[in-house]
Amino acid sequence: MPRTERIDASAAMTLITLRPMSADDATRPGAENATDEYGRIFLLLLGVLFFAMFSTDTRWIRILVALAVIAVFLGTLRATGVTKRRMRQAVWMSVALGAAAAVAGYSDVRQVRSGVSFAAAAGLGVSVLLLVRRIFEKERIQLREVIAGLTAYTQIALGFSFLYSGAALLTDGDFFRNGIAGDSSDFAYFSVVTVTTLGYGDLTPATNVGRSLVILETLLGQIFLVVLVAFLVGMLGKHRRLVDSNRPQPDRGTGD
């Protein structure tokens, strides 16, 4: 009879193939610099979201929000661990983005403001990837990894609010239906209700670009929440084996 393999379902959930690494930290360059401090970043993100929702869209508000996003980006780099060279590069890029944000804050050129919004969204996207990578470098899932997952989830919402803002600035006409052009408070609110799939229906994108971004955010948000965050909560306090994919695995067959 052909050999069959029986894999325990619980073991399959806890067995994740990653690169070779030590008991708790990866051997990649820069991992030793990680602080794994995510609480402040998470609180700052919540503050930026609520600040954007309940404040008027003025020049000073746009500059302050951009500076807060830069702080989130640099804080994420420090928490997840990068090489000193990468950190210096990120600092110079952040300085350039801050200067561009200051110019955009006092500029009425829609293309300039849109470019700053897209740059902020890109920085938050990189932060999400760094957080996910750092989470899966851990052998034991602790509360800080759960906070890291929630931080990444919140960064997705904030990042898409900048994508909506940038797209609206390049749109001829109103971004939402019923004659609503949209401002920072509208985009932040709309992004949160989209990523959480609440779908109140009070704001609906009027363009194909807006609809495409909504589909992308909804899919990312649901996959992230259902898969990653649920996995982190389920594995809280537990150990999982980190397997070196270059080493042969033991035969799990039960015989012929």
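Just rank ASP108, ASP36, fewest to most, by other beta-carbon atoms within 10 angstrom.
Least crowded to most crowded, the residues run ASP108, ASP36.
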Output the Cα-based Rg and Dmax of region 99-199 in Å, rounding Rg to one decimal and Dmax to a whole number.
16.1, 51
I want the local charge near ASP57. Using Cβ-Cβ distances under 11 Å, sum +1 for each Lys or Arg and -1 for each Asp or Glu among the other residues.
+1
Sort SER107, SER161 by Cβ crowding within 10 Å, fewest neighbours at the top.
SER107, SER161
For region 63-131, just list the percent of Cα-Cα distances falling in each 5 Å bin from zero outward, please.
3, 18, 28, 24, 14, 8, 4, 1
Which value, in Å to one decimal place, does the Kirkwood hydrodynamic radius take for region 27-243 when every pair of different Cα atoms is included?
17.9 Å
Would you mind ranking PHE231, PHE73 by Cβ crowding within 10 Å, fewest neighbours first?
PHE231, PHE73
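Read the figures in this text as sums done on the coordinates, not as results from a lab. The shown structure was predicted, so the numbers you read here are calculated from the model rather than taken from an experiment. Ideal geometry is used to build each Cβ from the backbone, glycine not excepted, and the neighbour counts take in all protein chains shown.
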